[in-house]
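To keep things clear, I will list the structure first and then write my remarks on it.
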Amino acid sequence: MVKSVKWVDEVIEDAPYEINEEFMNKLFTDHKIDYIIHGDDPCLLPDGSDAYAHAKKAGRYKQIKRTEGVSSTDIVGRMLLCVRDRPNETPVHASLQRQFSHGHSDKGSSAGAGTRVSHFLPTSRRIVQFSNGKGPRPDARIVYMDGAFDLFHAGHVETLKAAKAMGDFLLVGIHSDQIVSAHRGPNHPIMHVHERSLSVLACRYVDEVIIGAPWEVSKDMITTFNISMVVHGTCAEVNDLKNGEIDPYAAAKEAGIFEVIKSPRDMTTSTIIRRIFANHEAYKKRNEKKVKSEEQYYHSKTYVNGD
């Protein structure tokens, strides 16, 4: 996942959580790193000490603004909200939902309200920062792929990589929250359309996204974006059409430009959610510390220049 992020040049695997003196010196000498960087939220070790203390003491630490409203703790809470109203919900699920949702409730709200708990506030400048800023060449082979891309994961990355290999320019349609909710049920998607769009835009294989793309890939849409090929992965949450539902790829199939990509990895958004449930005890312990850290951050945070 990290390797696929377009701002990342190199990944050091199995890095220690604490930037101890030995690892810090290895970064400076072996990898020629100038600065060690972290967001403005605290990063503490189990004993309460600062994980970046050595870097700060060496004068090689820089702090950047944390992305407001985005945290793994909050996203876990949203995952648990999505199963709260299911008839087979267990006491463990209910307990987890209370632990992680931080008091958020969607009672009396419409379908898809699970995304409402997000505090992420995207701006036009943020979207521009994620954009490549370049359109396709006049003779480019434009490949189009659409979906929810909820909880953007390694399965998405590998399928997008395969799609990009089929042309020169990869255009990705991100379905609206309403469309995702209609096909996957209440409290879906986990992440709202702007979060999902920026997650996909951050992927190095993606050239441009359509935010709130329609369910049906019409003939007019194919013409408007000069689409050469429409593709769809084999591994998806929803592949079967409901009774009487129009095939969203009918126009592309009729034009002979539709192709199915065999998904390289058998992974879906539900896979991620099942992992959270399977490791519920670990997440309960993790959350006790994380919630306090989150509360402390918002209580004492100061303005940090985003530039």
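The values are calculated or read from the model by the stated rules, or taken from the named source; none is laboratory data. For clarity, every value in this text was computed on a predicted model and none was experimentally measured. Glycine gets a Cβ as well: all are built from the backbone with ideal geometry, and neighbour counts include every protein chain shown. What goes into the accessible areas is simple: the full protein's heavy atoms, side chains included, and nothing from ligands, DNA or RNA. Shrake-Rupley method; radii C 1.70, N 1.55, O 1.52, S 1.80 Å.
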Calculated FRET efficiency, Thr223 and Lys57, Cβ-Cβ r, R0 51 Å, to nearest 0.05? 0.25
Length gained if Asn132 through Met166 is fully extended, taking 0.36 nm per residue and subtracting the Cα-Cα distance, is 10.3 nm
Would you mind telling me the share, in percent, of accessible area of the stretch 167-273 contributed by carbon and sulfur at probe 1.4 angstrom? 51 percent
Report, by chain and number, residues whose modeled amide H sits under 5 Å from the one on Val230, excluding near sequence neighbours (fewer than 5 apart, same chain). Tyr144, Phe258, Glu259
Of Lys6/Lys134; Lys3/Lys164; Lys32/Lys65; Lys3/Lys161; Lys3/Lys62, which sit over 18 Å apart, Cα to Cα? Lys32/Lys65; Lys3/Lys62
Label zone at Asp14 (point 7 Å along Cα-to-Cβ), backbone N below 12 Å, the stretch 20-54: none
Provide the per-residue ³J(HN,Hα) series for the stretch 220-229, in order, calculated from phi with Karplus coefficients 6.51, -1.76, 1.60 and θ = phi - 60°, each as a whole number of Hz, with x at glycine and proline positions. 5, 5, 4, 5, 4, 9, 6, 6, 8, 8
Given H placed on each backbone N at 1.01 Å, which residues far from Ile64 in sequence or on other chains put an amide H within less than 5 Å of it? His38, Gly39, Asp40
FRET efficiency for Glu22 and Thr302, Cβ-Cβ distance as r, R0 = 30 Å, nearest 0.05? 0.40
Debye-sum result for the stretch 162-262 in log10 I(q)/I(0), which assumes one identical scatterer on each alpha carbon, at q = 0.13 Å⁻¹: -0.49
Read phi for every residue in the stretch 259-275 and hand back ³J(HN,Hα) as whole Hz from Karplus 6.51 cos²θ - 1.76 cosθ + 1.60, θ = phi - 60°, with x for Gly and Pro. 8, 9, 9, 6, 4, x, 9, 7, 9, 9, 4, 4, 4, 5, 4, 4, 5
Could you work out how much longer the chain between Ser270 and Glu245 gets when fully extended? Use 0.36 nm per residue separation minus the Cα distance between them, nm to one decimal. 6.6 nm
Report the calculated FRET efficiency for Thr234 and Ser124 (r = Cβ-Cβ distance, R0 = 41 Å), to the nearest 0.05. 0.70
With each label point set 7 Å from Cα along the Cα-Cβ vector, what nm distance links Ser72 and Glu259? 3.6 nm
Give me the accessible area per residue for the stretch 163-267, probe 1.4 Å, as a whole number in Å². 47 Å²
Would you mind putting 126-138, 256-268 in packing order, based on average other-beta-carbon counts within 10 Å, highest first? 256-268, 126-138
